[in-house]
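Before any comments, here is the structure.
The values are calculated or read from the model by the stated rules, or taken from the named source; none is laboratory data. This structure is a prediction, so every number in the text was calculated from the model and none was measured. When we count neighbours, we look across all protein chains shown, and the Cβ atoms used for this are built from the backbone with ideal geometry, even at glycine.
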Amino acid sequence: MASGGARARSGPPADPNALRRDRKDDKSWVTLPAEGFRGDVPDFPLPDALVSESALWAELWEKPQAFMWDRLGLKWQVAAYVRAFVESVQEKASAGLKTAVLRMEAELGLSTVGMGQLRWRIAADEVAERREEAKPERTSARDRLKALNA
């Protein structure tokens, strides 16, 4: 068993808005595009892909994290995750496989914990926020009539 020293999940989670951002050992955060990956989706590299694997592969490559997978050349790791995930949801899947899938999710930045460890964050979707702000407030017909009579 390891003793002493920092561990990956010890202490509070990383905060991109922390006031002390000037430490030399602190990695900078990477902001991923909110609209997701817009490059060419690579072909599934493992042999004999199932339909469910192909569907999950295509869905994952639409996520913002795919921007970094492409940049870092992680298509094989993503493919291994896809295959393991599909196997892990089968009825007789082992607990060990399910645990491995959870770890792979974190290592690929698919979970919030993993994104924090990798120092990845997704950019705010400013267009959607403005669209929400521009929506008129819904009021009932009775409230609108009261406003006219006031």
Exercise. Quick one: which helices (runs of 4 or more DSSP H) sit completely within region 1-119 and have at least 1 residues that are modelled with pLDDT of 95 or more and surrounded by fewer than 17 Cβ atoms within 10 Å (Cβ to Cβ)?
Worked result: 51-60, 66-72, 75-88, 95-107
Exercise. Applying the selection to region 82-121, what residues are of a type outside the set (A, V, I, L, M, F, W, C) and closer than 19 Å to residue 36 by Cα?
Worked result: 105, 107, 109, 111, 112, 114, 116, 119, 121
Problem set entry | Filter result (under 18 Å from the mean Cα position of the chain (by Cα) and more than 20 Å from residue 121 (Cα to Cα)) within region 36-75 | 41, 55, 56, 57, 58, 75
